[in-house]
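> Could you have a look at this structure, given as structure tokens, before my questions?
The values are calculated or read from the model by the stated rules, or taken from the named source; none is laboratory data. Values in this document were obtained by computation on a predicted structure and should not be read as measured data. Counting neighbours? That spans all protein chains shown, and the Cβs are built from the backbone with ideal geometry, glycine included.
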């Protein structure tokens, strides 16, 4: 494989259900890129529910109205912070450290799931709409070069959560992911979808590396 000369790092976002294997695929891809002489940078851009987590930890019997307020504040804060975090982690740090490929977990699309799920569960549609307007305005000039959709059969996810000793995700959250990611994959172009149901890492890794090289060669 050959790669043309390029300056800006190529940014690839990995999306997928909780437990589908995003982090695992990113780490394997990162190691393979290093082996073949490409300088990767692995990071994540995720929604941070700071106030919600603090209230949940110290005030577990929080009234629903206060819980809704905490989530609302977090959504508005994330609408400002996420674009800043994205710029730092996908542009500033990789550029100064002379990285060629940036592998990002979740990004805007993962946060979009969090916003919509909060609106569904807590009936926060008005504040979610305002928060999303701010988010999309600040993200309007942000473009990833490619998207890797790590898909798997949703029915196997609970077993994976148990194996990795992580909390069981609410069915409503997975349902929201299915809907949002389906819309994204049917709307946007240049998306690589891989099947991680059987964890065929060797095959998936070859697909991802080939996809990355095509993006590197088209990057100017």
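> Go through the residues of segment 71-93 one by one and say whether even a single one is in a helix (DSSP H, G or I), touching a residue at least 60 places away in the same chain (Cβ under 8 Å) and out of contact with any helix residue (DSSP H, G or I) (no Cβ under 7 Å at 6 or more places or on another chain).
Residues of segment 71-93 that are in a helix (DSSP H, G or I), as a first pass: 71-93.
Of the ones still in play, those that are also touching a residue at least 60 places away in the same chain (Cβ under 8 Å) are 90-91.
Applying the additional criterion that residues be out of contact with any helix residue (DSSP H, G or I) (no Cβ under 7 Å at 6 or more places or on another chain) yields 90-91.
Checked segment 71-93: at least one residue is in a helix (DSSP H, G or I), touching a residue at least 60 places away in the same chain (Cβ under 8 Å) and out of contact with any helix residue (DSSP H, G or I) (no Cβ under 7 Å at 6 or more places or on another chain).
> Out of 209, 174, report the one residue that is touching a residue at least 12 places away in the same chain (Cβ under 8 Å), assigned to a helix (DSSP H, G or I) and more than 16 Å from the chain's Cα centre (by Cα).
209
> Checking residue 26 against (1) touching a strand residue (DSSP E or B) at 6+ places or on another chain (Cβ under 8 Å); (2) without any contact (Cβ under 8 Å) to a residue 60 or more places away in the chain, only one condition comes out false. Which one?
The single condition residue 26 does not satisfy is (2).
> Considering segment 151-171 alone, what residues qualify as being farther than 25 Å from residue 119 by Cβ and under 16 Å from the mean Cα position of the chain (by Cα)?
Of everything in segment 151-171, just one residue is farther than 25 Å from residue 119 by Cβ and under 16 Å from the mean Cα position of the chain (by Cα), namely 152.
> Evaluate segment 142-163: report whether one residue or more is surrounded by fewer than 16 Cβ atoms within 10 Å (Cβ to Cβ) and touching a helix residue (DSSP H, G or I) at 6+ places or on another chain (Cβ under 8 Å).
no
> Does residue 194 fit the bill of being within 22 Å of residue 116 (Cα to Cα) and either touching a strand residue (DSSP E or B) at 6+ places or on another chain (Cβ under 6 Å) or modelled with pLDDT of 90 or more (or both)?
No: the conditions fail for residue 194.
> Ok, one more. From (1) at pLDDT 95 or above; (2) touching a helix residue (DSSP H, G or I) at 6+ places or on another chain (Cβ under 6 Å); (3) more than 20 Å from residue 214 (Cβ to Cβ), pick out the condition that doesn't hold for residue 102.
Of everything listed in (1) at pLDDT 95 or above; (2) touching a helix residue (DSSP H, G or I) at 6+ places or on another chain (Cβ under 6 Å); (3) more than 20 Å from residue 214 (Cβ to Cβ), residue 102 misses just condition (3).
> I'm trying to understand the selection: among the residues of segment 94-125, which are part of a helix (DSSP H, G or I) and touching a residue at least 60 places away in the same chain (Cβ under 8 Å)?
94, 95, 107, 108, 109, 110, 111, 112, 113, 114, 115, 116
> Something else: Before we move on, is residue 168 touching a helix residue (DSSP H, G or I) at 6+ places or on another chain (Cβ under 9 Å) and free of Cβ contacts under 8 Å to residues at least 40 places away in the same chain? Steps first, please.
Numbers: touching a helix residue (DSSP H, G or I) at 6+ places or on another chain (Cβ under 9 Å): yes; free of Cβ contacts under 8 Å to residues at least 40 places away in the same chain: yes.
The answer is yes for residue 168.
> Residues being part of a strand (DSSP E or B) and either surrounded by fewer than 14 Cβ atoms within 10 Å (Cβ to Cβ) or out of contact with any helix residue (DSSP H, G or I) (no Cβ under 6 Å at 6 or more places or on another chain) (or both): count how many of those fall in segment 182-206. Before the answer, list the steps.
First pass over segment 182-206, keeping only residues part of a strand (DSSP E or B): 191-195.
Filter once more, so that each one left must be either surrounded by fewer than 14 Cβ atoms within 10 Å (Cβ to Cβ) or out of contact with any helix residue (DSSP H, G or I) (no Cβ under 6 Å at 6 or more places or on another chain) (or both): 193, 195.
Adding up the residues that qualify gives 2.
> How many residues does segment 36-80 hold that are at pLDDT 85 or above, surrounded by fewer than 15 Cβ atoms within 10 Å (Cβ to Cβ) and more than 25 Å from residue 105 (Cβ to Cβ)?
0
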